[in-house]
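Take a look at the structure below.
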Amino acid sequence: MSQQEIFDAIPHRDPFLFVDEIVQWNEREIVCKKTFTGNEFFFAGHYPHYPIAPGVLLCEAAMQAGAIFLSKYFKETHAPTEKGTPVVGRMNDVKFRQMVRPGDETLLHAALTDRMNDVFFMKAKVTVGKKTAVTFNFACKMINEKDESQL
(Lines give C-alpha, C1' and ligand atoms only; values in the text may rest on other atoms or scores of the structure.)
Protein backbone atom coordinates (compact mmCIF):
# COMPACT_ATOMS: atom_id res chain seq x y z
CA MET A 1 0.00 0.00 0.00
CA SER A 2 1.44 3.34 -0.98
CA GLN A 3 1.83 6.33 1.34
CA GLN A 4 -1.09 7.99 -0.48
CA GLU A 5 -3.29 4.95 0.20
CA ILE A 6 -2.39 5.24 3.91
CA PHE A 7 -3.33 8.95 3.77
CA ASP A 8 -6.62 8.02 2.09
CA ALA A 9 -7.37 5.40 4.76
CA ILE A 10 -6.77 7.46 7.92
CA PRO A 11 -6.65 11.18 8.75
CA HIS A 12 -3.30 11.05 10.58
CA ARG A 13 -0.36 13.07 9.25
CA ASP A 14 3.19 13.89 10.33
CA PRO A 15 4.29 14.30 13.00
CA PHE A 16 1.57 11.98 14.33
CA LEU A 17 1.51 9.30 11.63
CA PHE A 18 3.21 6.14 12.90
CA VAL A 19 2.76 3.78 9.93
CA ASP A 20 5.40 3.68 7.20
CA GLU A 21 3.99 0.89 5.05
CA ILE A 22 1.52 -1.97 4.87
CA VAL A 23 3.24 -5.35 4.87
CA GLN A 24 0.21 -7.64 4.74
CA TRP A 25 -3.58 -7.34 4.79
CA ASN A 26 -6.42 -9.88 4.65
CA GLU A 27 -10.07 -9.99 5.71
CA ARG A 28 -9.21 -10.48 9.41
CA GLU A 29 -5.88 -8.72 10.06
CA ILE A 30 -3.22 -6.29 8.96
CA VAL A 31 0.53 -6.04 9.51
CA CYS A 32 2.24 -2.67 9.08
CA LYS A 33 5.79 -1.46 9.52
CA LYS A 34 7.18 1.54 11.38
CA THR A 35 10.90 2.28 11.67
CA PHE A 36 11.77 4.68 14.46
CA THR A 37 14.65 6.77 13.11
CA GLY A 38 15.52 8.68 16.26
CA ASN A 39 14.49 11.97 14.63
CA GLU A 40 10.91 11.74 15.93
CA PHE A 41 9.90 14.68 18.12
CA PHE A 42 9.41 12.64 21.30
CA PHE A 43 12.92 11.18 21.52
CA ALA A 44 14.34 14.59 22.44
CA GLY A 45 12.54 14.56 25.78
CA HIS A 46 11.55 10.95 26.53
CA TYR A 47 14.60 9.63 28.38
CA PRO A 48 16.95 11.89 26.36
CA HIS A 49 20.14 10.14 27.56
CA TYR A 50 18.69 6.70 26.76
CA PRO A 51 15.85 7.41 24.29
CA ILE A 52 12.95 4.98 24.12
CA ALA A 53 9.69 5.25 22.22
CA PRO A 54 6.81 6.02 24.61
CA GLY A 55 4.62 2.97 25.15
CA VAL A 56 1.47 4.95 24.52
CA LEU A 57 2.82 5.89 21.06
CA LEU A 58 3.53 2.23 20.31
CA CYS A 59 -0.13 1.59 21.13
CA GLU A 60 -1.09 4.51 18.89
CA ALA A 61 0.95 3.03 16.03
CA ALA A 62 -0.83 -0.32 16.34
CA MET A 63 -4.21 1.40 16.54
CA GLN A 64 -3.38 3.37 13.38
CA ALA A 65 -2.69 0.04 11.67
CA GLY A 66 -6.06 -1.14 12.96
CA ALA A 67 -7.71 2.02 11.63
CA ILE A 68 -6.21 1.39 8.19
CA PHE A 69 -7.55 -2.16 8.34
CA LEU A 70 -11.01 -0.94 9.37
CA SER A 71 -11.13 1.73 6.67
CA LYS A 72 -10.49 -0.89 4.02
CA TYR A 73 -12.83 -3.39 5.70
CA PHE A 74 -15.57 -0.75 5.99
CA LYS A 75 -15.24 0.23 2.32
CA GLU A 76 -15.50 -3.40 1.21
CA THR A 77 -18.50 -4.27 3.40
CA HIS A 78 -20.67 -1.13 3.03
CA ALA A 79 -22.25 0.81 0.20
CA PRO A 80 -19.73 3.08 -1.54
CA THR A 81 -21.68 6.16 -0.44
CA GLU A 82 -21.27 5.32 3.27
CA LYS A 83 -18.20 6.67 5.00
CA GLY A 84 -16.76 6.49 8.44
CA THR A 85 -13.64 7.14 10.44
CA PRO A 86 -12.55 4.67 13.12
CA VAL A 87 -12.16 6.28 16.55
CA VAL A 88 -10.82 4.34 19.56
CA GLY A 89 -13.26 3.92 22.42
CA ARG A 90 -11.22 1.76 24.78
CA MET A 91 -8.00 -0.15 25.39
CA ASN A 92 -7.71 -3.19 27.66
CA ASP A 93 -5.05 -5.56 28.92
CA VAL A 94 -2.07 -3.42 27.85
CA LYS A 95 1.25 -5.16 28.50
CA PHE A 96 4.62 -3.54 27.77
CA ARG A 97 7.34 -6.15 27.33
CA GLN A 98 10.20 -4.70 25.29
CA MET A 99 11.64 -1.21 24.76
CA VAL A 100 11.71 0.32 21.28
CA ARG A 101 14.73 2.49 20.62
CA PRO A 102 15.92 4.74 17.79
CA GLY A 103 16.73 2.66 14.73
CA ASP A 104 14.31 -0.15 15.64
CA GLU A 105 11.97 -1.47 12.97
CA THR A 106 8.62 -2.51 14.40
CA LEU A 107 5.82 -4.62 12.99
CA LEU A 108 2.34 -3.48 13.96
CA HIS A 109 -0.20 -6.29 14.04
CA ALA A 110 -3.94 -5.62 14.38
CA ALA A 111 -6.62 -8.29 14.05
CA LEU A 112 -10.40 -8.08 14.10
CA THR A 113 -11.81 -10.33 16.82
CA ASP A 114 -15.48 -9.29 16.93
CA ARG A 115 -17.98 -6.77 15.68
CA MET A 116 -21.18 -5.40 17.19
CA ASN A 117 -22.98 -3.01 14.80
CA ASP A 118 -20.55 -0.12 14.21
CA VAL A 119 -18.14 -1.13 17.00
CA PHE A 120 -15.12 -3.24 16.09
CA PHE A 121 -13.12 -5.20 18.67
CA MET A 122 -9.47 -5.80 17.85
CA LYS A 123 -6.31 -7.25 19.32
CA ALA A 124 -2.93 -5.68 18.70
CA LYS A 125 0.73 -6.55 19.00
CA VAL A 126 3.90 -4.57 18.30
CA THR A 127 7.06 -6.57 17.70
CA VAL A 128 10.75 -5.64 17.41
CA GLY A 129 12.62 -8.42 15.67
CA LYS A 130 11.36 -11.61 17.26
CA LYS A 131 10.46 -9.89 20.54
CA THR A 132 7.02 -8.64 21.53
CA ALA A 133 7.09 -5.00 22.66
CA VAL A 134 3.39 -4.44 23.42
CA THR A 135 0.13 -6.39 23.42
CA PHE A 136 -3.38 -5.09 24.05
CA ASN A 137 -7.01 -5.17 22.99
CA PHE A 138 -8.99 -2.18 21.78
CA ALA A 139 -12.36 -1.19 20.40
CA CYS A 140 -13.16 1.30 17.64
CA LYS A 141 -16.39 2.84 16.50
CA MET A 142 -16.96 4.06 12.97
CA ILE A 143 -18.14 7.65 13.09
CA ASN A 144 -19.11 10.30 10.59
CA GLU A 145 -16.49 13.04 11.05
CA LYS A 146 -19.10 15.75 10.67
CA ASP A 147 -21.34 14.39 13.46
CA GLU A 148 -19.63 15.05 16.81
CA SER A 149 -22.66 13.69 18.71
CA GLN A 150 -21.38 10.18 17.91
CA LEU A 151 -18.31 10.58 20.12
Original post:
Given the structure, is Gln64 more than 18 Å from Gly103 (Cα to Cα) and surrounded by fewer than 18 Cβ atoms within 10 Å (Cβ to Cβ)?
Top reply: no
**OP:** Would you please list the contacts, defined by Cβ atoms under 9 Å and residues six or more apart or on different chains, that run from a residue in the stretch 29-55 that is at positive phi to a residue that is small (Gly, Ala, Ser) and assigned to a loop (DSSP other than H, G, I, E, B)?
**Re:** Gly38/Gly103
Original post:
For the stretch 109-138, what are the residues that are acidic (Asp, Glu) and at pLDDT 95 or above?
Top reply: Asp114
**OP:** Among the residues of the stretch 26-39, write down those that are over 20 Å from Arg90 (Cβ atoms) and surrounded by 17 or more Cβ atoms within 10 Å (Cβ to Cβ).
**Re:** Val31, Cys32, Lys34, Phe36
**OP:** Count, please, the residues in the stretch 17-37 that happen to be in a loop (DSSP other than H, G, I, E, B) and modelled with pLDDT of 95 or more.
**Re:** 6
Subject >> Among (1) loosely packed, with under 15 Cβ neighbours inside 10 Å; (2) basic (Lys, Arg); (3) under 18 Å from Asp118 (Cβ atoms) - the single one Lys95 does not satisfy >> reply: (3)
**OP:** Determine whether Arg101 is closer than 22 Å to Phe136 by Cα and out of contact with any Asp or Glu (no Cβ under 7 Å at 6 or more places or on another chain).
**Re:** yes
Original post:
Quick check: is even one residue across the stretch 71-80 of a type outside the set (S, T, N, Q) and either at pLDDT 95 or above or closer than 14 Å to Glu29 by Cβ (or both)?
Top reply: yes
Subject >> Enumeration of residues in the stretch 103-122 that are outside any strand (DSSP E or B) and within 20 Å of Cys32 (Cα to Cα) >> reply: Gly103, Asp104
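The values are calculated or read from the model by the stated rules, or taken from the named source; none is laboratory data. Just so it is clear, the structure is predicted and the values come from calculations on it, not from any experiment. Glycine also receives a Cβ, built like all others from the backbone with ideal geometry; neighbour counts cover every protein chain displayed.
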